[in-house]
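The values are calculated or read from the model by the stated rules, or taken from the named source; none is laboratory data. Since the model is a prediction, treat every value here as computed from it, not as a measurement. Here the Cβ is made from the backbone with ideal geometry for all residues, glycine too, and neighbour counts use every protein chain on show.
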Amino acid sequence: MLYCITYDIKELAKEEALLKQLKELGETNQFISNCWFLCCDKEKDEIYELLKAKLDAPDLLFISQTRLSHMAGWLPNTSVEWLKSHPK
């Protein structure tokens, strides 16, 4: 499944831990600062629980399942190519 994940983290050390966990979940592509695409077979609730463990109360996290056919926008060419190769 293809997800869009965005976050706002107050401490750099926690961001590094979050990104390490995110990249362990599947294939990733960062398309905007603090915004990632994730392709993996996990459900959104499972992803949320794993990433939430790296955050504290003032931090923000948003996860949305998406499809290439439901997107519109202007992204870096590397992200466009990545999406084309991960159409789940």
For the list (1) touching a Lys or Arg at 6+ places or on another chain (Cβ under 6 Å); (2) over 26 Å from Leu12 (Cα atoms); (3) not charged (D, E, K, R), I need the number of the one condition that Trp82 fails. (1)
Taking interchain pairs and intrachain pairs at least six residues apart, which have beta carbon atoms under 6 angstrom, with the first residue in segment 27-41 and within 17 Å of Asn77 (Cα to Cα) and the second outside any loop (DSSP other than H, G, I, E, B) and among the small types (Gly, Ala, Ser)? Asn29/Ser79; Phe31/Ser79
Checking the conditions here, which among Ala57, Ala13 is at pLDDT below 95, over 25 Å from Pro76 (Cβ atoms) and part of a loop (DSSP other than H, G, I, E, B)? Ala57
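Is it fair to say Phe62 is under 9 Å from the mean Cα position of the chain (by Cα) and at negative phi?
Numbers: under 9 Å from the mean Cα position of the chain (by Cα): yes; at negative phi: yes.
The answer is yes for Phe62.
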All positions within segment 76-86 that are within 15 Å of the chain's Cα centre (by Cα) and not in a helix (DSSP H, G or I): His86
When Met71 is run through (1) in contact with a Cys (Cβ under 9 Å, 6 or more places away or on another chain); (2) modelled with pLDDT of 90 or more, the failure sits at (2)
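Return the total of residues in segment 8-30 being closer than 17 Å to Lys42 by Cβ and not charged (D, E, K, R).
First, pick out the residues of segment 8-30 that are closer than 17 Å to Lys42 by Cβ: 18-29.
The next check asks that each one be not charged (D, E, K, R); those that pass are 18-19, 21-22, 25-26, 28-29.
So the answer is 8.
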For segment 26-50, give me each residue that is out of contact with any strand residue (DSSP E or B) (no Cβ under 6 Å at 6 or more places or on another chain) and outside any strand (DSSP E or B). Ser33, Cys40, Asp41, Lys42, Glu43, Asp45, Glu46, Glu49, Leu50
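Quick one: in segment 51-67, of everything that is out of contact with any strand residue (DSSP E or B) (no Cβ under 7 Å at 6 or more places or on another chain) and surrounded by fewer than 15 Cβ atoms within 10 Å (Cβ to Cβ), which residue is nearest to Met1 (Cα to Cα)? Don't jump to the end; show me each part of the working.
Initial filter on segment 51-67 (out of contact with any strand residue (DSSP E or B) (no Cβ under 7 Å at 6 or more places or on another chain)): 53-54, 56-58.
Narrowing further to those that are surrounded by fewer than 15 Cβ atoms within 10 Å (Cβ to Cβ): 53, 56-58.
Values: Ala53: 22, Asp56: 27, Ala57: 28, Pro58: 28 Å.
For segment 51-67, the residue satisfying everything is Ala53.
Return the residue satisfying two criteria in turn: it lies in segment 1-25 and is among the aliphatic types (A, V, I, L, M) and loosely packed, with under 15 Cβ neighbours inside 10 Å, and of such residues it is farthest from Cys35 (Cα to Cα). Reasoning before the result, please.
Of all residues in segment 1-25, those among the aliphatic types (A, V, I, L, M) come to 1-2, 5, 9, 12-13, 17-19, 22, 25.
Checking which are loosely packed, with under 15 Cβ neighbours inside 10 Å leaves us with 12-13.
Working: Leu12: 15, Ala13: 17 Å.
By that ranking, first place goes to Ala13.
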